[in-house]
Each structure stands twice: as C-alpha cells, then as structure tokens.
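*Asks:* Below is one structure. I have some questions about it.
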Amino acid sequence: MEAMEIDSQNILQRKQATYSSLDDPFEIHKETYRGQQYSQIYFARLHLMRTLLYSLAPNWKPHLPVCTILELEKDRECIIVGTLYKHMKLKPCILDEYSKERSVTPLVKPHNFMHPDDTLVLEDDSGRVKLSGSVLLPSIYVTGVVVALLGKETDAGDFLVQDVLEAGLPPQIEHPLKPREDKHVVFVSGLSVGGSTSNPLQFQLLIDHITGHLGDEKEQGIAAEIVHVVLAGNSVEFPRGLLNGQNLASKDQSRLSEPIKELDIFLTQVAASLPLDIMPGSDDPANFSLPQQPLNRCLFPGSSAYNTFRICTNPHCFEVDNIRLLGTSGQNIDDLEKYSEAKDKLEFMERTLRWRHLAPTTPNTLGCYPFVDRDPFFIDSCPHVYFVGNQDKYKTDLIKGSEGQLVRLICIPKFCDTGVAVVLNLRNLECHTLSFGTEFSS
Amino acid sequence: MATTSGNIKEFYRQRKKSGVSKPSNSKISTKKSLKNAATFGSDITQPSALISHGSPDLKDDNDENEDILRKFDMNMAYGPCLGMTRLARWERARSLGLNPPEEIEGLLKAGKVRSDCLWDGRV
C-alpha cells in the first residue's frame, strides 16, 4: 500500500489585501437624542452644500450675483442656492385622514407617487420660492437635494429657472495605476436565510466555491483570488407571521431564532476562510432608520469568534488595497424610485453621486436619525466602487466625472430570487457574476 | 367690596418665609410700580400675585446676558435653535466655519445662564 503523499508545494494560498473601515460617520453610539427635530440635519446639509456650491458658482457663471431667496428682485438674473422641495399630489399625507371630505381612498397603493402636476420649490433659511420653467424637471428631482439655480423672479412671484448647477462628482483620491495582480471582492445581498424563497443549497454552493471546496485546482486558483466578501443586507428573513402581538409559545421562540442560527452556521464557514463584512438591510434585525447600526455580535456566536467577521453599518464605506468602496443595502435607491423616475437603477445611483448625497430623501420619506451638527450621507470623497444591494437585476456601469473620476456602479441582485453574486476585480474594476443553480435540467 | 384707600398692600401684607424679604419702603415703591401696572392708576384691581418684590413680574428676570444669548438663539445664520443646548449650537457654528462671537462661549461656559434656548420647554 502506498502512503499518500502530501505535496506541500501545491498548497494554494489565498491572496491578502489591506482593509480599513470608514464607517465612523455612520455610527450613532456617540450621539444623544435631546428631542431635536429634523430641522437641524436639513440646516447642516444646506450649509455644507451651500458652501460647496458658492465655491463652484463663479466657475459656472462668472459675474452673476449670488443672493438669498428673500433678496430676490424682479427680473434681475441671479443665482440662488437652496434645498429642493417637491410638492407631490399623490404622496400620502397624514392630514388626509383628518380632511373633512372622506373621499374613497384608492385600494391600490401606487408604487410610484409621481404625477404630472408635481411642482418644485426651492427653500433656504430665509424663505422659499416656487420654481417654474422647463429646465428643472420635477420627475428627476426629489425633496432634499441641494442645488444652485440661475434665473430670475417673474411677475407671478415664482422663479423662472434658466440653468441648474449640481454639486457634481466629489474629488477622488487616485489609486496607483501600476498593474497589480487580480484580486476579487464578492458581493451578495438578499440571502434571506430562513425565508420561503431561499434555497440553502444555493448558498452552500456559493460558500463552497468561495472557500475553495469546489472544483479542481484551476477553479480553486480562481477562488484563491477572492480577498473579501460583502453581504449587502437582508441576509436573514424572520417568520413574521409569528410576530402578531401575542406572547410566543416556547416552540415558536425557537422557530423565531432558527433563521439567524442557520445564517451563523453558514457565515462561520466563510469567516474561517476570508474577511467578511455583513451589513444590515431593511428586513434584518437592526434599527429601521438610516444609518442602520451594525447587527449585534450576540446574534453570531460562531462567526464573531473570528476576527475576519466584521459587522458593519448601512451605508458602509471601506477601503480594500486603497480602493474606496461605498454602498448601501438598497433603501436609498428604492426610495428614489418611489418619488422620481429614471431609465434604470444605475441612473438613480449616478444621480446620488452627482448630488453628492447618498440618500437625499432622508428624512422626508426615508427614516433617518436626527443628526444635529452633521449630515453623514454627504459624500465628500468619490468612491471607486459604489454598490447597492437587494435590487431586482444585476447591472453595472462605469461612470466618469469631469475631473477624471472613475466610479464602478454595481446593482447587486437578490440572491434568494436570482442565485447571482457579483465579483469585482480590484485590479481593473471589472465586474462579472457568479450564478448558482440547483435545478437539474431534464 | 371696594376699599376706598389704596391700603390693600398693608391689609394683605405678604410674609415670605424664604428668599428675599420685601423691601421696607414698599409703600413708596408700589406707588412707582403702579405706573407699570396693567391697570393704570388703580391698585384695587391689580392682583397681588403679579406684584412681587415690589415690581410687576412681567419681564421674566432677564438680565443683559440672557438678552445677548437670546439674540444668539434667534440669529438665523447659525441654524435652528430648538432641540440643542446653546453651547452645542455654538460648537456646531464654529465647526461649520460660521465664526460665532467668542463672548457667547465665555458666557455659556461661565455658567449661571440658561443652557437651553429660549423656546425650550415653551414650544
């Protein structure tokens, strides 16, 4: 009998990459709530962006005066800066419940609240003015975006817009262009472990591929190039039928915690292999309002034993090998879809970058913590990669800024529906998908 | 039930157990304070509750420091004042580069002034 020889020269090593987390602005454990309202965060946002737009205005329209809204004079061309407010007819309003005429409310709730009669209003700390003209399309903008407008006041008292200045893509820190080896980051979202649509075998296949348990040497070599995994939200799905306001029986209690235990078992396998970031999503056991705080370590007793397991906020910003990645679990883009329109999700993502704000609809229609002295969703440095999770389809694009910024936009599809994970090559910012299926064709 | 003379203060002399005692020349000062009283010229209908320490309690004990701080609260350039302590608002104004006057920080750190804005607890 021959003894099995272990050829030590053929052990495949996984590639390593440096990692640093930039989630500090999104943490709220240092904040204390003193009963403040949202006026503070709107002031912080207006001030931040107004300073920026004032510095950009001379390059845009030299020699034109900049004034506040109260200082507007009729027929004098000038530039005003303020926060946009979109008055939407179909947007549900709490006051409708108190209106005297109890008209029949439509049974079907629209997914998109747009209407041709929507109007835009610009507001700064001195006043507000209605906007008119065809340059500024209400279908593109949402409440909460700060812009600079060129135009003049008309006799009717509104402001006729002639041109718009958005903040544009923020400056990007260049990463060295010298060719490096291929290193991959895997993005997955919408695992919904424990839910009815999720297939544990599919997820197990993904884990086996990432950890190098699948395939021959060539395929293992490809897997060894994966340096990081990001779970972009909705990793778990609780049986919500149990949470109906009544006391849980003891067997129901164990049923409630089964999905997260199942997820922990899966994630332990991944964390034992390579660094893993987990972000909370809209269905995860985390707080509702943005920025969502990291999931609790106690939910993952197995995985949190590894220092490669990192719990992260939503939105999540981090650097791998000096490449900056920024992303959310999807709430910001989904909310934009309800209140504006674009040809695809990538266009929404591009708009948020050009507006320099991750989630302009907070706190108007998207829950947000009432920050007092800052707006953490302001994007001050352009990421190299911008990803959004829990979307319907995989989509990607590369956009260019006016100062040479290059951003890879990625829409990560829901894994429970599509079985698709996204792989990003850090060397050239190219993306491809990994799709897993468990059906056997007859 | 009118008393013909203005001696209602003498009749219902207030005795305060703690704090400041009424000045002894209250008779003279009530005559002066009547000029500010809501009902001019008559002290019969002036409820004694509004008159404490010899003058009507209409001014809320404002001293000039509080006035300066109220002007700071109301200054639009530094943003909304409700929901923050004055010092936190001053710090925010400084970190946003608005250059708030230094004397306000001095007043707030010295103490003895209200730390919350004028609307706090009232709105």
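*Asks:* Failed condition for A:Thr18, given (1) within 24 Å of the chain's Cα centre (by Cα); (2) surrounded by 17 or more Cβ atoms within 10 Å (Cβ to Cβ), with all others met?
*Replies:* (2)
*Asks:* Of the residues in region B:81-104, how many are at the interface with chain A (Cβ under 7 Å from one of its Cβ atoms) and crowded, with 21+ Cβ neighbours inside 10 Å?
*Replies:* Here the count works out to 3.
*Asks:* Now, a different point. Are any residues in region A:24-40 within 12 Å of chain B (Cβ to nearest Cβ) and surrounded by 13 or more Cβ atoms within 10 Å (Cβ to Cβ), and if so, which ones? Spell out the reasoning first.
*Replies:* Let us first name the residues in region A:24-40 that are within 12 Å of chain B (Cβ to nearest Cβ), namely A:31-40.
A:Glu31, A:Arg34, A:Gln36, A:Tyr38, A:Ser39, A:Gln40, listed by residue number.
*Asks:* Of everything in region A:75-90 that's in a strand (DSSP E or B) and open to solvent by 10 Å² or more (accessible area, probe 1.4 Å), which residue is farthest from A:Asn112 (Cα to Cα)? Give the derivation first.
*Replies:* If we filter region A:75-90 for residues that are in a strand (DSSP E or B), which is where we start, we get A:78-87.
If we keep only those that are open to solvent by 10 Å² or more (accessible area, probe 1.4 Å) too, we end up with A:83, A:85, A:87.
Details: A:Thr83: 22, A:Tyr85: 17, A:His87: 14 Å.
Checking each candidate, the answer is A:Thr83.
*Asks:* Take the residues of region A:396-421 that are within 22 Å of A:Gly194 (Cα to Cα) and either assigned to a loop (DSSP other than H, G, I, E, B) or among the β-branched types (Val, Ile, Thr) (or both): which is most open to solvent (accessible area, probe 1.4 Å)? Walk me through how you get there before you give the answer.
*Replies:* So the first thing to find is which residues in region A:396-421 are within 22 Å of A:Gly194 (Cα to Cα), and the list is A:412-421.
So of that shortlist, the ones also either assigned to a loop (DSSP other than H, G, I, E, B) or among the β-branched types (Val, Ile, Thr) (or both) come out as A:412, A:418-420.
Working: A:Ile412: 0, A:Thr418: 54, A:Gly419: 0, A:Val420: 24 Å².
Taking the candidates together, the pick is A:Thr418.
*Asks:* Kindly indicate which of A:Pro259, A:Pro275, A:Pro239 is surrounded by 20 or more Cβ atoms within 10 Å (Cβ to Cβ) and either within 21 Å of A:Asp417 (Cα to Cα) or aliphatic (A, V, I, L, M) (or both). Full working, then the answer.
*Replies:* Details: A:Pro275 fails: either within 21 Å of A:Asp417 (Cα to Cα) or aliphatic (A, V, I, L, M) (or both); A:Pro239 fails: surrounded by 20 or more Cβ atoms within 10 Å (Cβ to Cβ).
Criteria check complete, one pass: A:Pro259.
*Asks:* Check off (1) away from every other protein chain (no Cβ under 14 Å); (2) open to solvent by 50 Å² or more (accessible area, probe 1.4 Å); (3) in contact with a strand residue (DSSP E or B) (Cβ under 6 Å, 6 or more places away or on another chain) for A:Leu122 and give me the number that stays unchecked.
*Replies:* The number of the failed condition is (2).
*Asks:* Just give me the residues in region A:422-442 being of a type in the set (Gly, Ala, Ser), open to solvent by 70 Å² or more (accessible area, probe 1.4 Å) and under 28 Å from A:Ser282 (Cβ atoms), in sequence order. Write out each step before concluding.
*Replies:* Start the filter on region A:422-442 by keeping residues that are of a type in the set (Gly, Ala, Ser), which leaves A:435, A:437, A:441-442.
Now drop any that are not open to solvent by 70 Å² or more (accessible area, probe 1.4 Å), which leaves A:435, A:441-442.
Across region A:422-442, the qualifying residue is only A:Ser435.
*Asks:* Another question, then. Would a scan of region A:382-400 turn up a residue that is within 14 Å of the chain's Cα centre (by Cα) and within 19 Å of B:Leu96 (Cβ to Cβ)?
*Replies:* The answer is no; no qualifying residue exists.
*Asks:* Here's something else I'd like to know. For region A:238-255, what are the residues that are touching a Lys or Arg at 6+ places or on another chain (Cβ under 7 Å) and part of a helix (DSSP H, G or I)? Walk me through it before giving the result.
*Replies:* At the first step, the residues of region A:238-255 found to be touching a Lys or Arg at 6+ places or on another chain (Cβ under 7 Å) are A:239, A:242.
Selection gives A:Leu242 alone.
*Asks:* Of all residues in region A:41-74, how many are open to solvent by 10 Å² or more (accessible area, probe 1.4 Å), of a type outside the set (A, V, I, L, M), in contact (Cβ under 8 Å) with a residue 24 or more places away in the chain and part of a helix (DSSP H, G or I)?
*Replies:* 6
*Asks:* Counting only residues that are out of contact with any Lys or Arg (no Cβ under 8 Å at 6 or more places or on another chain) and modelled with pLDDT of 90 or more, how many does region A:74-113 have?
*Replies:* 5
*Asks:* State all residues of region A:335-347 that are open to solvent by less than 20 Å² (accessible area, probe 1.4 Å), within 19 Å of A:His115 (Cβ to Cβ) and among the hydrophobic types (A, V, I, L, M, F, W, C); if no residue qualifies, say none. Before the answer, list the steps.
*Replies:* Of all residues in region A:335-347, those open to solvent by less than 20 Å² (accessible area, probe 1.4 Å) come to A:335-336, A:340, A:346.
Then drop every residue that is not within 19 Å of A:His115 (Cβ to Cβ), which leaves A:335-336, A:340.
Of everything in region A:335-347, just one residue is open to solvent by less than 20 Å² (accessible area, probe 1.4 Å), within 19 Å of A:His115 (Cβ to Cβ) and among the hydrophobic types (A, V, I, L, M, F, W, C), namely A:Leu336.
*Asks:* Would you mind telling me which numbered condition in (1) assigned to a helix (DSSP H, G or I); (2) open to solvent by 70 Å² or more (accessible area, probe 1.4 Å) A:Val270 fails?
*Replies:* A:Val270 satisfies every listed condition except (2).
*Asks:* Can you name the strands (runs of 3 or more DSSP E) wholly within region A:310-391 that have at least 3 residues being touching a helix residue (DSSP H, G or I) at 6+ places or on another chain (Cβ under 9 Å) and farther than 29 Å from A:Thr32 by Cα?
*Replies:* Details: elements: A:316-320, A:323-328, A:385-391.
The qualifying strands (runs of 3 or more DSSP E) are A:385-391.
*Asks:* Condition (residue is within 11 Å of chain B (Cβ to nearest Cβ) and within 21 Å of A:Pro360 (Cβ to Cβ)) applied to region A:51-69: is it met by at least one residue? Break it down into steps so the answer makes sense when it comes.
*Replies:* We begin by selecting, within region A:51-69, every residue within 11 Å of chain B (Cβ to nearest Cβ); these are A:51, A:68.
Okay, now just the ones that are also within 21 Å of A:Pro360 (Cβ to Cβ), so A:51.
Yes, region A:51-69 contains at least one residue that is within 11 Å of chain B (Cβ to nearest Cβ) and within 21 Å of A:Pro360 (Cβ to Cβ).
*Asks:* Quick one: A:Glu225 ticks every box in (1) farther than 22 Å from A:His432 by Cα; (2) open to solvent by 40 Å² or more (accessible area, probe 1.4 Å); (3) touching a residue at least 12 places away in the same chain (Cβ under 8 Å) except a single one, so which number is it?
*Replies:* (1)
The values are calculated or read from the model by the stated rules, or taken from the named source; none is laboratory data. No experiment lies behind these values; they were computed from the predicted model shown. Counting neighbours? That spans all protein chains shown, and the Cβs are built from the backbone with ideal geometry, glycine included. Ligands, DNA and RNA are excluded from the accessible area calculation, which covers all protein heavy atoms including side chains. Shrake-Rupley method; radii C 1.70, N 1.55, O 1.52, S 1.80 Å.
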